[in-house]
Amino acid sequence: MDEGEPEDPVTLVLTWDVKPGRERDFEERAERLHRAAVRFPGHLGAVWLRAEGARNRYYTVVNFAGQERLDGWLESAERAELIDRVREVAGEHRHDTTGMETWFSLPGESVPAPSKLKMIAVTFCAVYPLSLLLNTFVTPLTRSWPPPLQALTFPLLVIPLLTLFVMPALSRLLRRWLYPSGRTHRPARPGR
């Protein structure tokens, strides 16, 4: 990155599985961690959520002004000391995202995204039939069009179909495979 070029804001999602009976300890330690993060350069805010119906699961959504600032916080000695205290009562799971997770979200539930391999398999199963249909029925109608317009028909038709109809339907149909038992929770809401 060029010196002086602004960074894009970044978001990190963490899941915390708290040891049964240690919820109050976790909340107190998480609050100390939160207060320290707020003072750190580039911090844009954080939200702590407790999963409804899952007494021992919490989520943190942390926003920083850029990846370098987030990395600075994650690698800081202050965070390391505080996070060690939190980890005495809870396990931390970081969520690295690919951008495709919204296609695999379940309405009314807060779940981690399926594995990348499963997302690739389901996306292939969605795109391939649409590609066949498009090549069979639409491409012959556009042969006389300039190549940029021909190429434009695929994303204009396929992306809305995938986002609005195909992927939600496949996510529901393949739910048990995508989200093995025990990985789904009702929506998280702010507060304790």
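Read-outs throughout are calculated quantities, based only on the coordinates presented, and are distinct from any laboratory measurement. Because the structure is predicted, anything quoted here is derived from the model rather than measured. With ideal geometry, Cβ positions are generated from the backbone for all residues, glycine too; neighbour counts draw on all protein chains shown.
On full extension, the segment bounded by HIS93 and THR142 gains 12.8 nm, given 0.36 nm per residue less the C-alpha separation.
Between LYS118 and VAL61, what is the FRET efficiency for a Förster distance of 30 Å, r being their Cβ-Cβ separation, to the nearest 0.05? Once rounded, the FRET efficiency stands at 0.80.
For an R0 of 35 angstrom, estimate the FRET efficiency from the Cβ-Cβ distance between GLU68 and LEU156 and round to the nearest 0.05. Taking R0 as 35 Å, the efficiency between GLU68 and LEU156 is 0.40. Placing dummy labels 7 Å off each Cα toward the beta-carbon, the span from SER131 to LYS19 is 5.0 nm. With the simple spin-label model, which puts each label point 7 Å out from Cα in the Cβ direction, the THR11 to ALA80 separation comes to 3.0 nm.
Report the extension gain between GLU31 and LEU174 in nm, rounded to one decimal, defined as 0.36 nm multiplied by the number of residues separating them, less their alpha carbon distance.
Numbers: separation 143, 0.36 × 143 = 51.48 nm, distance 3.84 nm.
47.6 nm is the gain from fully extending GLU31 to LEU174.
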